[in-house]
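Let me begin by presenting the structure, written as structure tokens, before commenting on it.
Nothing in this text is a laboratory measurement; each read-out follows from the coordinates by a stated rule. Fair warning: this is a prediction, and the values are worked out from it, not measured in the lab. Quick reminder, even Gly has a Cβ in these numbers, built from the backbone with ideal geometry, and neighbours come from all protein chains shown.
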Amino acid sequence: MKSLSPLGMATLGSGVIAITYGLARFVFGLFLPAMRDELTISATMAGVIGALPFLSFVFAILAAPWVTSRLGIRRAGVAAAGLAGIGLMTIAQAPSSLALAAGVLICGISTGLSSPVMAQAVHRVVPPGLRGRVNAIINAGTSLGIALAMPAVLVWAEAWRSAYIGFAALAVLGALGAFCYLPRDEQRPSPSRLSPAAVPVSRAQWLAIGRLSGMAGVMGCVSAAYWVFAPDAVITAGGLAPSQTAWMWLAVGLGGLSGGVAGDLIARFGPALSHAGGLTVMSAAIALLAVDPANFALVLTSAALFGAGYMILTGFYLVRSTQIMAQAPAFAPVLPLLATSVGQVAGSPLAGWLVGAEGHAAAFVLFAILGVAVAWLGSWLLNERVAASASGPRSAETADRG
């Protein structure tokens, strides 16, 4: 079969990520108000359920390098999209909060598998000089999935089950695309290739990945409040109609398309400034929503800024990790993305508790303050120690040029 071009890889990868991240994971908050009404879910329970896809993501992404090596890129890609379809259909048919929780749990597994698979595919088919850009574009596919939720809400309004059936159908198409076009492994891997421990990684590289993961964990915690409770805030506290949240999520998706420039931002401004800028923008978006959730123009501005900040940051973690550990492209993003999800697991129920105890505005302001504080702490940490990653095999500086 003819090998994918960089453009083809970016297109296919973006589609798979749009399904596994955008539809299977992040649009949950958009439909949460309707789900809460129909299934009688409290704010605290909603926060717990909202944390489940992040929790299952943790276990899935830890297993993803092994799964990718064992199954091969093509089969692992099909598995990721296929699990998204199963999880989305389970949500669509959920008769209770327990079944809903099972569906979002399965969706989180699909998300955890997809990023390492796509990173390995990029390493296989894309020339070194384009890998950072293609990885960032694929990561920005999350925004496409989020934007797709907008027409779904407008068409189905309160009929969230119909929307999720449509999402499941798209997941089936994604699995077919992965089966037809992702590269096939020609030989079975040896046992030594199945373990990340077999990959030579220096102490400096581990330290650099550790610092990156610490920043990603806090970012995940801060972002959880918005992903789970932003639509609920504009409906409950702001009095906006549920259909208006569709435009809000469209703004998140469109703003998030800017995440495709994450690799170029690192090359132009360096890791420290790129990360600080992205986290500051995201935190400002969260605070902006607390100012006046009844102001539709302000809500859309907040959503666009949040999408831009969040996708730039996730693209940053993906691209930067593969630069630091260029010799292990499937394993490199595992720890930062894992840390992001751990932060979201902690942040979702915490946000639910704060919303229930203090209201949406106070909860969002507190999360925004945390984000700004860590943005500038992170700028010092990344700037002071970024050179450490250059001492390992295939330095980050060399990888930046690749």
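Remark: spin-label model distance VAL48-ALA169 equals 3.5 nm, labels positioned 7 Å along the Cα→Cβ axis.
Against the main long axis of the alpha-carbon atoms of the chain, helix 73-92 sits at an angle near 10°. Can you bin the chain into rounded, prolate or oblate? Criterion: square roots of the alpha carbon gyration tensor eigenvalues sorted a ≥ b ≥ c, rounded for a/c under 1.5, prolate for a/b above b/c, oblate for the rest. Oblate, since a/c reaches 1.5 and b/c is not below a/b.
For the peptides 95-103, 111-119, the ranking by packing is 111-119, 95-103, with the highest mean count of neighbouring Cβ atoms within 10 Å listed first. Taking the number of Cβ atoms within 10 Å of each Cβ as an exposure proxy, the fewest-first ranking of ASP264, ASP37 is ASP37, ASP264. With a simple spin-label model that places each label point 7 Å from the Cα along the Cα-to-Cβ direction, the separation between GLN327 and PHE179 comes to 3.8 nm.
Per-residue 3J(HN,Hα) values for the range 309-319, derived from phi via the Karplus relation 6.51 cos²θ - 1.76 cosθ + 1.60 with θ = phi - 60°, read x, 5, 6, 5, 5, 5, x, 4, 5, 5, 5 Hz in sequence order (x marks Gly and Pro). Does the range 227-352 come out rounded, prolate or oblate by the C-alpha gyration tensor, with a ≥ b ≥ c the root eigenvalues, rounded set by a/c under 1.5 and, if not, prolate when a/b is larger than b/c and oblate if not? Cα axes put the range 227-352 in the prolate bin.
If the segment from GLU158 to THR301 were pulled out straight at 0.36 nm per residue, it would be longer than the present Cα-Cα gap by 49.1 nm. For the chain, adding -39500 (n - 2.57) for each run of n ≥ 4 DSSP H residues and dividing by the number of residues yields -26000 deg cm²/dmol at 222 nm.
Here ARG74, ARG320 are placed in order of increasing Cβ neighbour count within 10 Å, fewest first, which gives ARG74, ARG320. In degrees from 0 to 90, rounded to the nearest 10, what is the angle of the helix 28-39 Cα long axis to the longest principal axis of the chain? Helix 28-39 sits at roughly 40 degrees to that axis.
With the Cα gyration tensor of the range 51-179 giving a ≥ b ≥ c as the square roots of its eigenvalues, does the rule (a/c under 1.5 for rounded; else a/b larger than b/c for prolate; else oblate) give rounded, prolate or oblate? Judged from the Cα gyration tensor, the range 51-179 comes out prolate (a/c at least 1.5, a/b above b/c).
As a proxy for reagent exposure, PHE269, PHE296, PHE331 were ordered by neighbouring Cβ count within 10 angstrom, fewest first; the result is PHE269, PHE296, PHE331.
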